[in-house]
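Written below as structure tokens is the structure these notes are about.
The values are calculated or read from the model by the stated rules, or taken from the named source; none is laboratory data. Remember, it's a predicted structure, so these values are computed and weren't measured experimentally. So basically every Cβ, Gly included, is an ideal-geometry build from the backbone, and we count neighbours across all protein chains shown.
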Amino acid sequence: MRYVDHGQGGGPEVMRIVEGELPAIGSHDVLIQVGFAGVNRPDLLQRAGHYPPPRGASPILGLEVAGSIAGLGSEVTTWKVGDQVCALTPGGGYAEFCRTDASHCLPLPRGLDLDAAAAIPETFFTVWTNLVDRGRLRAGENFLIHGGSSGIGYTAIQIAKQLGATVFTTVGTEQKAKFCTALGADHVINYRTHDFVIEVKRMAGSRGIDIILDMVGGTYIEKNISLLAFEGRLVQIAFLQGSTVARRRRK
């Protein structure tokens, strides 16, 4: 098969198409003939040489794909050859064929072509795992997602609204604010023109926020905690501004 090799890492110019062996599949795996692959931040970091794949993962770029099932492991009964799927992968998506666990596949969503479906798994698996499974979001709760127009953000807004939550989100431009409002966000705060802590407290009142999904970290950590309701949950999935909480000196 052909796949995209990124050598020792660098800019986009380091990527080149080379040939290699088909990935071997285990008893619970499927082999997918890739139609499209998604592009995610870890892919960019790995291509640049700053994100080595974890043990057991493919050294080839690509964490999500859409395509057709081309092979089945001996224990797989949920799919058949020829089924169209989108899937989360342990790397290897930037290739003609890719291996993944059969449970990491989703049927092609109605109304979506393969190109659009390739952008579904990474964000939807991430948001569902952290917001629903870990965060235990329930109907009627107040939910805050930072960066509402990002992939994680717009996915979280839609899932939270489907589950009956009141959605608060932060954005950096008015265009992004309109986008999030159109998705169904109830309260959208432009953090460049307003202090989101003050605005969220004003909008949520004494109730506070029941669950916050954050990728920023840094100075946001203490701000997020100040917004939480009693028994509120802060789910941290990344630390773009760092993972250190500033310590204030007591006077």
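So how many residues does the range 1-37 have that are in a strand (DSSP E or B) and in contact (Cβ under 8 Å) with a residue 60 or more places away in the chain?
Looking only at that region, the number is 12.
Residues of the range 135-160 that are of a type outside the set (S, T, N, Q) and either out of contact with any strand residue (DSSP E or B) (no Cβ under 6 Å at 6 or more places or on another chain) or not assigned by TED's automatic domain parsing to the domain that holds VAL188 (or both): ARG136, ARG138, ALA139, GLY140, GLY147, GLY151, ILE152, TYR154, ILE159.
Across the range 95-110, a minimum of one residue is classified as hydrophobic (A, V, I, L, M, F, W, C), free of Cβ contacts under 8 Å to residues at least 40 places away in the same chain and either in contact with a helix residue (DSSP H, G or I) (Cβ under 7 Å, 6 or more places away or on another chain) or assigned by TED's automatic domain parsing to the domain that holds ILE159 (or both).
Among the residues of the range 4-57, those identified as under 19 Å from the mean Cα position of the chain (by Cα) and polar (S, T, N, Q) are ASN40, GLN46. Every condition in (1) among the β-branched types (Val, Ile, Thr); (2) closer than 14 Å to GLY26 by Cα; (3) out of contact with any Leu (no Cβ under 9 Å at 6 or more places or on another chain) holds for ILE60 except the one numbered (2). LEU72: surrounded by 16 or more Cβ atoms within 10 Å (Cβ to Cβ), at pLDDT 95 or above and within 17 Å of ALA117 (Cα to Cα), yes or no? When the stated conditions are applied, LEU72 does not pass them. When we screen VAL235, VAL200, VAL188 for residues that are farther than 18 Å from GLY135 by Cα, within 23 Å of the chain's Cα centre (by Cα) and either buried (at least 18 other Cβ atoms within 10 Å of the Cβ) or at pLDDT 95 or above (or both), the only hit is VAL188.
Residues in the range 162-184 that are more than 22 Å from LEU240 (Cβ to Cβ) and touching a strand residue (DSSP E or B) at 6+ places or on another chain (Cβ under 6 Å) were compared, and the one that is surrounded by the fewest Cβ atoms within 10 Å (Cβ to Cβ) is THR181. With respect to (1) within 23 Å of GLU231 (Cβ to Cβ); (2) surrounded by fewer than 17 Cβ atoms within 10 Å (Cβ to Cβ), the lone exception for HIS146 is condition (2).
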